[in-house]
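Below: the structure, in structure tokens.
The values are calculated or read from the model by the stated rules, or taken from the named source; none is laboratory data. Bear in mind the structure is a predicted one, so any value in this text is a computation, not a measurement. Virtual Cβ from ideal backbone geometry, glycine too; neighbours counted across all protein chains shown. Accessible surface areas use protein heavy atoms only, side chains included; no ligands, DNA or RNA. Shrake-Rupley method; radii C 1.70, N 1.55, O 1.52, S 1.80 Å.
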Amino acid sequence: IIMGKDVGKNMKPYHNMLRIYISHPFSGDEKENRRRANNIAWALTMKYPDTLFINPLDAMRHAEYAALSYEQVLAQCKCLLCACDAVYMAGAYQYSRGCTEERKTAITERIPVLTNGDELKHFIESHH
């Protein structure tokens, strides 16, 4: 463990990379929602290559095979969200139970909630 004045000495360039969680609906048309979230993550990565975009619909694929309950998967998503610097609300998030829960978690944990491209751009630019 690096402590005190040595904290920044051994840091790699990627240690300071912004991590933005993409909250996107999943339930309903799972295949189409996964495709849409993947396209959003891809487009944002192309636009902001120095920012790490976390797409939980891809990150949590293993949960399907582990037969985790909805609540267990949502808890793991919230844990992942809390490791991020901001959450970007995408798709029809307003109508999604999971996205609503993720938004509440972000607010409770004081993680910025970004709801459109302008907010996202401003957040990224202000942190680089």
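Quick look at the numbers
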item	result
Of all residues in region 27-51 being open to solvent by less than 30 Å² (accessible area, probe 1.4 Å) and closer than 18 Å to residue 95 by Cα, the one that is modelled with the highest pLDDT	37
Filtered residues of region 63-122 (kept if open to solvent by 80 Å² or more (accessible area, probe 1.4 Å) and closer than 23 Å to residue 48 by Cβ)	103, 109, 110, 118, 121, 122
Close pairs (9 angstrom Cβ cut-off, 6 or more residues apart or separate chains): basic (Lys, Arg) in region 106-128, surrounded by 15 or more Cβ atoms within 10 Å (Cβ to Cβ) and not in a helix (DSSP H, G or I) anywhere	121/48
